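Structure, as structure tokens:
Please treat every number below as a calculation from the coordinates, not as lab data. Fair warning: this is a prediction, and the values are worked out from it, not measured in the lab. Here Cβ is always computed from backbone atoms with ideal geometry, including for glycine, and neighbour counts include all displayed protein chains.
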Amino acid sequence: MIIVAIFLYYGFFGFLYHIILKMKGEPVLWRCACSLLSILSLLAALHLSIPDFNLEILMQRYKWYFRCYFSFTIVFFYLGGWQKSKKIADVAKQKNFRSHLFKSFIGLLIYLAFEFNLISF
């Protein structure tokens, strides 16, 4: 588990490096979504590396805070992705980027439908 935690710490610091130094020209919402995702990576690394840090109890105790956090991450991701797609000058690349954004949105809707038991087999 420590090896996985090391990779997650590396992902956290890699995200921060990328956000601060490499993404200066990107939309602010896109950078906010990436920083929120990096914080999730840090929480997962803490869960795996510190024995007394139990993320499941924390998520149950502060359930609505985590739901709001995930909601902000998702909204920032899609709004930032839409802003990023507007900056692409090539129409074919712009359509390809938007189709990937749309496909991930459809996948998110399917996941949420299963998560909240709207679809069951």
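Summary of values
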| quantity | calculated |
| --- | --- |
| Those residues of the range 24-36 which are buried (at least 17 other Cβ atoms within 10 Å of the Cβ) and assigned to a loop (DSSP other than H, G, I, E, B), in sequence order | 27 |
| So residue 6, is it more than 30 Å from residue 116 (Cα to Cα) and touching a Ser or Thr at 6+ places or on another chain (Cβ under 6 Å) | no |
| Among residues of the range 80-99, those that are in contact (Cβ under 8 Å) with a residue 40 or more places away in the chain and crowded, with 16+ Cβ neighbours inside 10 Å, counted | 3 |
| Test for residue 39: is it surrounded by 13 or more Cβ atoms within 10 Å (Cβ to Cβ) and not in a helix (DSSP H, G or I) | no |
| Residue 58, sole failed condition from (1) out of contact with any Ser or Thr (no Cβ under 9 Å at 6 or more places or on another chain); (2) aliphatic (A, V, I, L, M); (3) over 25 Å from residue 116 (Cβ atoms); (4) part of a helix (DSSP H, G or I) | (3) |
